[in-house]
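A short reminder: the numbers here are calculations on the coordinates, not readings from a lab. For clarity, every value in this text was computed on a predicted model and none was experimentally measured. Here Cβ is always computed from backbone atoms with ideal geometry, including for glycine, and neighbour counts include all displayed protein chains.
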């Protein structure tokens, strides 16, 4: 059985079989990350594809000082940020907040599962979704998020607050609908 280092070496030497092995090892986890940042499954698949291309093209730079999974994860996050950076830079936070008719769709009462929560995160406007994922899930601070997205720390804080508010509204709406049924 090949070791991870042997598989990586094969990928560096452009072995399609080793690239497939490495992809198979990490694709499911990385797709989950991409789904959180994307607004739909198609965009998540694009981010995953672009991220793995970058990973394969840069594997020679990996120094084995941390985990390979963590290194690939950073590539996926950076690829997602790049994909949405242009969209985000053209939308002001106030414009997003003022959009009328923005609401969460919920098919009915019940316990909130991971799939429902992921769907609601995907429904957030791009800038809110990016900041929410980077802060609440990935653990970046507002200074780092501001640098990644080209926004100020205060805009990052505001976007996180608004994202949380929208998600809380959805959860409260779900809870009220459940109480009506019970």
task = Return 4, 68 ranked ascending by Cβ neighbour count within 10 Å, so the fewest neighbours appear first.
result = 4, 68
Per-peptide average of other Cβ atoms within 10 Å, ordering 42-51, 139-148 highest first = 42-51, 139-148
ask   = By how many nm would the segment from residue 136 to residue 53 lengthen if fully extended, with 0.36 nm per residue of separation less the alpha-carbon distance?
value = 27.2 nm
key: Residue exposure sequence - 155, 3, 79 - by fewest surrounding Cβ within 10 Å   = 3, 155, 79
key: Ratio of the Cα radius of gyration of the stretch 1-91 to 2.2 N^0.38 Å, where N counts its residues   = 1.13
